[in-house]
1. Take the conditions touching a His at 6+ places or on another chain (Cβ under 8 Å) and under 25 Å from MET503 (Cβ atoms) and apply them to ALA466. Does it pass?
2. For the range 531-540, enumerate the residues that are in contact with a strand residue (DSSP E or B) (Cβ under 6 Å, 6 or more places away or on another chain) and either modelled with pLDDT of 95 or more or charged (D, E, K, R) (or both).
3. Only one of LYS148, LYS182, LYS186 is among the basic types (Lys, Arg), closer than 26 Å to LEU491 by Cα and over 27 Å from the mean Cα position of the chain (by Cα); which?
4. Being of a type outside the set (Ser, Thr, Tyr), on the phi < 0 side of the Ramachandran plot and either in contact (Cβ under 8 Å) with a residue 24 or more places away in the chain or touching a helix residue (DSSP H, G or I) at 6+ places or on another chain (Cβ under 7 Å) (or both) is the requirement here; does PRO201 meet it?
5. Given the criteria surrounded by fewer than 21 Cβ atoms within 10 Å (Cβ to Cβ) and out of contact with any strand residue (DSSP E or B) (no Cβ under 8 Å at 6 or more places or on another chain), does GLU368 qualify?
6. Considering only the range 130-156, state which residues are over 25 Å from PRO248 (Cβ atoms) and either polar (S, T, N, Q) or out of contact with any Gly (no Cβ under 9 Å at 6 or more places or on another chain) (or both).
7. Could you say which residue among ASP327, ASP319 is in contact (Cβ under 8 Å) with a residue 40 or more places away in the chain and not in a helix (DSSP H, G or I)?
8. Could you give me the residue pairs with C-beta distances under 6 Å whose first residue belongs to the range 122-146 and is surrounded by fewer than 17 Cβ atoms within 10 Å (Cβ to Cβ), whose second residue is of a type in the set (Ser, Thr, Tyr) wherever it lies, and which are 6+ apart or on separate chains?
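The values are calculated or read from the model by the stated rules, or taken from the named source; none is laboratory data. Since we're looking at a predicted model, the values are computed, not measured. In this analysis, Cβ positions are derived from the backbone assuming ideal geometry, glycine residues included, and neighbour counts consider all displayed protein chains.
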Amino acid sequence: MRSKDDKKVDLSAGVSDLEVADKIKDIQQSFESGKLSRRSFITGALAMGVSLTAASAILNKVEAATPKKGGRLRVGLTGGATTDTMDPGQILDLYMIHLQFGQLRNSLTEVAANGQLTPELAESWEASPDAKNWHFKIRKGVEFHNGKSLTSEDVIASINHHLGEDSKSAAKGIMAGVVSVKADGKHAINVELSGGDADFPFLLTDYHMNICPANSDGTIDWASGIGTGGYVLKQHDAGVRSFTTRNPNYWKEGFAHFDEVEITQIADATARSQALQGGQLDVINNVPTQTIHLMKRVPGIKIEATTGNKQITLPMRTDTAPFDNNDVRTAVKYIVDREEWLRKVVHGFGQLGNDHPIGPANIYRATEAELPQRQYDPDKAKFHLKKAGLSKLDIDFHAAETGFGGALDAGQLMAASARAAGININVVREPDDGYWSNVWMKKPFSACYWSGRATENWIFSQIYAADASWNDTYWKHDKFNKLLVLARAELDPNKRRILYVEMQQIVHHEGGVCLPLFRSDVMAYNERLHVPEVIGNNWELDGAKNSERWWFA
């Protein structure tokens, strides 16, 4: 039987009357701004012909989407180490990305949850026609945690921190094109590049490019943890636990809602999951894909998977035997059964990789026709071993769960599939703590992962350029490096695509990386948390900005 209310406009099922919808939107905005009470909202909706059921549903949805201040967010993370430092140029993994980039500090520009480039500490920017000179207006009225006002001096010192021969910053490679950074008054800077770079504002969103207060000598005060971010550092035990409180003077209106944020390093996946289920944590990253079906059954826990350009890589040091021989490297690329890894390592949460870093979210990714997918083929591996003058090969593969989730199991799968090609792989289990300092870029063959970079230039410049700080394969290729400079300055998208496709082909055929998979990021969280419908996929946990963008509902 129909009720009388069924004749009224039911906005929960969709609105056809645009005029009523506009009026509802008006009273909704009034409610959100605090001008209307719950009763006034319901009364106003009923007066427009909306059913009580629909009005209540709308109100519940509005309230859930209205940020609420308060509470302590407890985050369980991987990627922390006792060797971590507050130097933004030395950020290595998610723990310090989440702390520095996600809580303590801001950058000039930001990638929004929808993937669009947006202003942060830079109010606006413009480039010369050749994209070699950039002018940035710096936001006024922004204060550091110590009360110091942000000026162009702080921005210049923060950028210079990553420049020059003596810089030890991991962002040195992507900033290598910067010739000079000069002040244009107290709230503007001019940046001169050695060549055109249409993507330069995107590079400033890198998690190393945090703005810190300048010292009198032109260096930056990075050790204190002071920044302009939504939270203030109170306690920090490197690689163990960090505690922050909300910045009462945060310049971003409508962000940073928690009173406190506590992050804890928990490398063990089982311990991390149990702490969430037991109520000791509110959100965890890196949910093991093999347990997702079990986690989904836990009352009060939600699972979210996002797919971007995050990738599993197996870097081979091209300056070290036997990987200084490209035929050996190619043989290794053929002995990985990528389809098996997709099924067993990430349990379908990802896509096949093709031994180059340009992922599904990049716009200039090579098509199957331009670069056919490499498949498991032990006969081709044998062929390349023979070209290298070898009939068999013994190599060590160094791995830990910190390298990527499932790295040890993946190593055993690779060892099994390699035997048919005469390659014997010994999987060496390494400690999680200090992995990025002691194993990665040190051992000849190891496990690694990379979060996705928004542009082709960014990831090529940071990892594959000859002089890149994180060139973890120690690969130097003259033609590739010349194409990198050309593509960076090319403003015609069609010509730019041709250059980037050729670079992908070079890395695929001659590079030192075996890239089997692009994997999804999977997080789990307590249903009390309000998580937006659209979340960032550039880094884990909503672009590492969950402390700023979420709240307790």
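1. Values: touching a His at 6+ places or on another chain (Cβ under 8 Å): yes; under 25 Å from MET503 (Cβ atoms): yes.
Yes.
2. GLU540
3. Details: LYS148 fails: closer than 26 Å to LEU491 by Cα; LYS186 fails: closer than 26 Å to LEU491 by Cα.
Going through LYS148, LYS182, LYS186 in turn, the sole match is LYS182.
4. Details: of a type outside the set (Ser, Thr, Tyr): yes; on the phi < 0 side of the Ramachandran plot: yes; either in contact (Cβ under 8 Å) with a residue 24 or more places away in the chain or touching a helix residue (DSSP H, G or I) at 6+ places or on another chain (Cβ under 7 Å) (or both): yes.
It is true that PRO201 is of a type outside the set (Ser, Thr, Tyr), on the phi < 0 side of the Ramachandran plot and either in contact (Cβ under 8 Å) with a residue 24 or more places away in the chain or touching a helix residue (DSSP H, G or I) at 6+ places or on another chain (Cβ under 7 Å) (or both).
5. On the way: surrounded by fewer than 21 Cβ atoms within 10 Å (Cβ to Cβ): yes; out of contact with any strand residue (DSSP E or B) (no Cβ under 8 Å at 6 or more places or on another chain): yes.
Judged against the criteria, GLU368 is a match.
6. Our first condition is that a residue be over 25 Å from PRO248 (Cβ atoms); within the range 130-156, this holds for 130-137, 152, 156.
Selection gives ASN133, TRP134, HIS135, PHE136, LYS137, SER152.
7. Just one listed residue meets the conditions, ASP319.
8. Qualifying pairs under 6 Å: GLU143/SER149.
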